Structure formats: C-alpha cells, structure tokens
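The values are calculated or read from the model by the stated rules, or taken from the named source; none is laboratory data. Everything numeric in this text was worked out from a predicted model, so none of it was measured. Note that we place each Cβ from the backbone using ideal geometry, even for glycine, and neighbour counts take in every protein chain shown. These accessible areas exclude ligands, DNA and RNA; they are computed on the full protein's heavy atoms, side chains included. Shrake-Rupley method; radii C 1.70, N 1.55, O 1.52, S 1.80 Å.
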Amino acid sequence: MSMTDIPALSRPSGSLLDLIGKTPMVEVTRMDTGPCRLFLKLEAQNPGGSIKDRIALSMIAAAEKEGYLKEGGTIVEATAGNTGLALTLVGQAKGYKVLLVIPDKMSKEKIQHLRAMGADVRLTRSDVPHGHPEYYTDMAERLSQQIPGGFYVNQFANEANSAAHVATTGPEIWEQMGHDVDAFVAGIGSGGTITGVARYLNSVGAKTEIILADPVGSTLAGVVNDGVPGPEGSYTVEGIGQNFVPDTADMSLIHRAYSIPDAEAIATVRELLLKEGILAGSSSGTLIASALRYCREQTEAKRVVTFVCDTGAKYLSKVYNDAWLADQGLGERDIQGNLADLISRKYSKGDVVVAGPDDTLDTAFKRMRGADVSQLPVIKDGRLVGILDESDIVHVMNTDEITRQERFKKSVGSVMTTALDTIQVNEPLDALIPLFDRDRVAIVLDGEQFVGLIARVDLINHLSLNR
C-alpha cells in the first residue's frame with residue numbers, strides 16, 4: 001500500500017453521533033468467490049457496532065422534527081438487539097429514556113450491553129407469531145401507549161428507516177465502488193436497508209441486481225422467488241428474516257433471493273474470521289453465504305457488495321461457541337450411536353471444566369461460577385476420582401468450627417463425593433432415567449476412561465433435535 005492509498009484521518013469529533021456512517025469497504029481475497037469480486041462494507045465499525053446506527057439517527061431526528069418525540073420522552077421499540085443498541089446510543093446522547101422489547105432468543109451479550117447502556121429491557125417470547133400479544137412488536141406498541149410521552153419507533157413501518165440508506169449507505173457504496181456495482185446483497189430485518197440502497201442505486205441509473213439473503217425458516221425468500229410466502233420455521237441467526245413483509249420493505253425492487261440454513265450461515269461467518277480476519281455477527285453469515293452462492297454461479301466476472309452488519313463480539317457465546325453449536329445440532333460432530341452423542345462437552349477434547357483433588361474449594365467454586373455449572377468432575381492423573389457438587393461446598397460452609405477463609409482453603413479431595421453413579425457409554429438412553437430420578441447427573445465412562453457428564457437438559461435437547 002502506498003501512502004496515497006491510506007485513508008485520511010479525521011479530526012477529533014465532539015460526539016459519537018458524528019461518527020455514524022462513512023464505514024470502510026474491504027475486498028474478500030481468501031475465500032472462493034468464483035469469477036467475481038466480493039466486497040464487504042464494514043458496518044460493524046459504526047460507533048454502536050452495527051448498521052442500525054444509521055436508521056436510529058434518522059428515525060429519532062424525524063420524530064423530533066414531526067413533534068412525536070419531545071423533551072423527557074421515552075423511545076420504545078421492538079428490536080432483535082442492534083436497533084435497540086443504536087436507539088439507546090442516540091437516545092441517551094439526546095437525553096431520552098429508552099425502553100426495548102426483545103425476543104428471548106437474542107444473545108446475552110446484546111442484552112447485557114443494552115442494560116449497561118441504561119436501556120429498560122423487556123424480554124418476550126420468540127415462539128409466537130405476529131399478532132400475538134406477546135410478539136415483540138405488538139408488545140412494544142402496547143407499552144408505548146401506556147407510557148406518558150412514549151414514542152413507538154416502529155422501524156418496520158417508519159419511512160425514516162429506508163430514507164437513512166437512501167441518504168447515506170447507498171451513496172457511500174456507489175462512491176466506494178467507483179460507480180460500478182453489478183450485484184448488491186442484503187437481508188430484511190425491518191426492510192429499510194435493502195429498500196433504501198436499491199432506491200438510491202436505481203436513482204443513479206445503476207444496473208445493479210438486488211439480491212435478498214434470507215434464513216431458512218423466514219418466509220420472505222418465497223415472496224421474491226415464487227410470489228407467495230415460503231414455509232415458516234425457526235432459525236438461530238439474529239436480526240434477519242421475518243414471517244411477514246414489513247411495510248418498509250419494497251419487495252418489487254428485489255430480483256432474486258437465497259434461503260440460507262443456519263449451519264451454512266454459521267460456517268460462512270466462521271470461515272470469514274479464519275481466512276479474512278473479520279469477526280462478524282450471525283446475520284452477516286447469511287448475507288455473505290448468499291453473496292458467495294451468487295458469485296460462484298456466475299460465468300463472468302462481476303462486482304458484488306454486501307455487509308458485515310455487526311460485530312461477532314456480540315455472538316461469542318453462540319456462533320463462536322462450539323458447545324452451543326453442538327447443543328443446537330449445528331456443530332460438526334461424529335455420530336457414534338451411543339450416549340456420547342448426548343455429550344456436547346467431552347473430556348477428551350478439553351471441553352469439560354474440571355478440578356483436581358488438591359485444588360482449593362475457592363478455586364473450584366470460581367471455576368463453577370465462571371463456567372456456569374453446578375458440579376465439577378475431579379480428575380487425578382487423567383482418571384476420574386470424584387465429583388464436586390454445589391451441595392458439597394454448602395455442607396462445608398455450614399459450619400462455625402473454622403473461619404470462612406479456612407473453609408475455602410480446604411481441598412477439593414477432602415469434601416468431594418467418591419461414591420459415583422457411573423454409566424457406560426454404550427448403555428441405552430433408558431439407563432439414564434434411574435439416575436435422573438435420584439436427582440443425579442450421569443457420569444459417563446468408556447471402560448475406565450471418563451467421557452463426560454449428561455444432565456436432564458442434555459437428554460431433553462437430544463430428544464428435541466432428533467424428533
């Protein structure tokens with residue numbers, strides 16, 4: 001890179017809001033893009049960490065101008081997380097309170113981030129359809145009517161949503177790509193991005209093919225490809241796909257759509273990190289997988305643009321967590337046809353948090369708390385010698401014979417349970433039930449080798465995935 005290629009640095013800004021937009025573009029160079037060139041606009045570099053910063057600024061400004069949002073008011077919105085983060089960023093900067101209704105499938109990082117920023121977060125069900133009183137948009141609209149000074153943003157029908165992308169995102173893409181864009185790939189969460197960018201590209205006479213990236217389980221790809229909604233189902237990617245067409249979405253602007261299963265989206269976004277060094281969120285996996293399908297189908301070189309919608313740092317407990325993927329049936333794993341198939345965290349792979357008999361209770365308790373587990377296998381010289389349960393620690397704590405400090409200094413080996421209820425890995429599922437009836441966790445062995453633990457939730461999850 002020559003010095004003339006290096007972007008000019010801007011002067012310090014007086015507000016984070018001034019830094020929204022003008023995000024960089026990077027070309028994918030280490031993934032298979034067929035004969036095409038694929039470019040990613042890095043919307044994760046907005047100050048709120050996602051493309052939604054653009055619409056938050058636009059929608060709040062429009063509400064102020066039209067008199068819907070006044071001093072002391074409360075911004076209310078239904079959101080998968082990123083719009084909520086953006087609205088909180090902008091709303092707090094402007095002195096408004098923010099109340100957000102979020103489906104319960106969203107990542108804990110997003111929810112923790114929102115609450116740390118001062119938003120009032122209300123979780124609601126993610127297993128009910130549009131029109132149900134507990135569906136997140138219905139609940140948000142109802143709450144906004146009950147709160148004095150409440151303003152329901154309604155990103156799904158707010159014209160300032162798509163207007164933000166006509167005014168900013170579209171022009172930036174057009175300029176960065178040197179007025180040469182053959183295909184543009186985006187998803188529909190609220191519909192503003194794909195609509196706004198497509199409208200701008202049409203306004204400048206671009207002959208750009210507009211591609212919808214949709215998760216399998218969303219009905220929108222069917223609307224584009226077949227003229228009728230596709231089959232509805234569940235999916236794990238966040239912030240993209242719907243079971244209805246948002247008012248903001250102009251489906252007539254879209255030329256074709258791809259339906260991407262969760263496994264493909266997640267594999268793509270993890271490949272993006274491995275090969276390109278870009279940490280992206282789950283919806284970006286759907287977009288990039290669609291863009292790659294399009295690129296690989298072409299017979300001549302084309303210039304294709306899509307987004308890294310948000311940062312993958314918000315999904316470390318999900319998309320980038322092998323154990324979580326295994327629990328969802330999305331990870332790559334060998335099926336052995338025995339109880340090992342129920343164990344997502346195997347000792348042989350280093351997935352199990354353990355203690356040694358010489359560790360202190362303080363050390364063991366911190367490991368339990370850090371891993372969010374209630375028991376630890378106790379391993380010595382590679383062999384299972386006991387198990388330490390929360391109840392074992394409580395028993396030691398419930399004595400006045402020694403000080404609290406001395407209690408936590410006691411060794412794991414002095415309090416662990418050595419009379420173990422073990423089960424061999426080749427035993428049938430039914431063999432688990434007597435253990436669970438005695439309120440025990442199943443300790444699975446292969447001969448004398450420790451394999452892992454099976455709790456009730458593991459059995460339920462296995463049965464759910466294999467219905």
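For the condition in contact (Cβ under 8 Å) with a residue 24 or more places away in the chain and more than 18 Å from residue 314 (Cβ to Cβ), what is the one hit in 170, 131?
Numbers: 131 fails: in contact (Cβ under 8 Å) with a residue 24 or more places away in the chain.
Result of the check over 170, 131: 170.
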Worksheet item: If you check 278, 266, which single one turns out to be open to solvent by less than 40 Å² (accessible area, probe 1.4 Å), in a helix (DSSP H, G or I) and of a type in the set (A, V, I, L, M, F, W, C)?
Response: 266
Worksheet, complete the sentence: Only unsatisfied item for residue 314, checking (1) in a helix (DSSP H, G or I); (2) surrounded by fewer than 12 Cβ atoms within 10 Å (Cβ to Cβ), is (2)
Worksheet item: Has the range 192-209 got any residue that is in a strand (DSSP E or B) and either touching a residue at least 24 places away in the same chain (Cβ under 8 Å) or open to solvent by less than 10 Å² (accessible area, probe 1.4 Å) (or both)?
Response: yes
Worksheet, complete the sentence: So, first residue in a strand (DSSP E or B) and at pLDDT 85 or above in the range 419-445, second residue open to solvent by 50 Å² or more (accessible area, probe 1.4 Å) and not polar (S, T, N, Q), Cβ within less than 8 Å, six or more apart or across chains; the pairs are 424/446
Worksheet item: Taking strands (runs of 3 or more DSSP E) that do not extend beyond the range 1-108, which have at least 1 residues that are among the basic types (Lys, Arg) and farther than 25 Å from residue 142 by Cβ?
Response: 37-42
Worksheet item: So is residue 129 within 23 Å of the chain's Cα centre (by Cα) and surrounded by 20 or more Cβ atoms within 10 Å (Cβ to Cβ) or not?
Response: no
Worksheet item: Can you tell me which residues in the range 241-258 are part of a loop (DSSP other than H, G, I, E, B), open to solvent by 40 Å² or more (accessible area, probe 1.4 Å) and closer than 8 Å to residue 212 by Cβ?
Response: none
Response to the item:
Within the range 214-240, residues surrounded by 16 or more Cβ atoms within 10 Å (Cβ to Cβ) and part of a loop (DSSP other than H, G, I, E, B) come out as 217, 219, 229, 230, 235, 236, 237, 238, 239, 240
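Among the residues of the range 139-167, count how many are over 14 Å from residue 201 (Cβ atoms), in a helix (DSSP H, G or I) and open to solvent by less than 50 Å² (accessible area, probe 1.4 Å).
Step one: list which residues in the range 139-167 are over 14 Å from residue 201 (Cβ atoms), which gives 139-161, 163-164.
From what's left, in a helix (DSSP H, G or I): 139-146, 159-161, 163-164.
Of the ones still in play, those that are also open to solvent by less than 50 Å² (accessible area, probe 1.4 Å) are 139-140, 143-144, 160-161, 163-164.
Qualifying residue count for the region: 8.
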Worksheet entry | Residue under evaluation residue 272, criteria (1) open to solvent by 40 Å² or more (accessible area, probe 1.4 Å); (2) at pLDDT 95 or above; (3) assigned to a helix (DSSP H, G or I), criterion not met | (1)
Worksheet item: Within the range 423-438, is even one residue under 22 Å from residue 357 (Cα atoms), of a type outside the set (Gly, Ala, Ser) and open to solvent by 50 Å² or more (accessible area, probe 1.4 Å)?
Response: no
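Could you pull out the residue among 32, 104 that is open to solvent by 20 Å² or more (accessible area, probe 1.4 Å) and modelled with pLDDT under 95?
It is 104.
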Worksheet item: Within the range 295-305, can you find the residues that are open to solvent by less than 10 Å² (accessible area, probe 1.4 Å) and either in contact with a Gly (Cβ under 9 Å, 6 or more places away or on another chain) or among the charged types (D, E, K, R) (or both)?
Response: 295
Worksheet item: Would you pick out the residues in the range 168-191 that are open to solvent by 20 Å² or more (accessible area, probe 1.4 Å), part of a helix (DSSP H, G or I) and touching a Lys or Arg at 6+ places or on another chain (Cβ under 9 Å)?
Response: 168, 172, 176
Discussion item. Just to verify a result, which residue in the range 320-335, among those that are open to solvent by 30 Å² or more (accessible area, probe 1.4 Å) and under 13 Å from the mean Cα position of the chain (by Cα), is modelled with the highest pLDDT?
Written reply: 320
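Condition check ((1) at pLDDT 85 or above; (2) under 34 Å from the mean Cα position of the chain (by Cα); (3) assigned to a strand (DSSP E or B)) across all residues:
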position: 352; (1), (2), (3): yes, yes, no
position: 357; (1), (2), (3): yes, no, no
position: 362; (1), (2), (3): yes, yes, no
position: 368; (1), (2), (3): yes, yes, no
position: 376; (1), (2), (3): yes, yes, yes
position: 385; (1), (2), (3): yes, no, yes
position: 388; (1), (2), (3): yes, yes, yes
position: 394; (1), (2), (3): yes, no, no
position: 399; (1), (2), (3): no, no, no
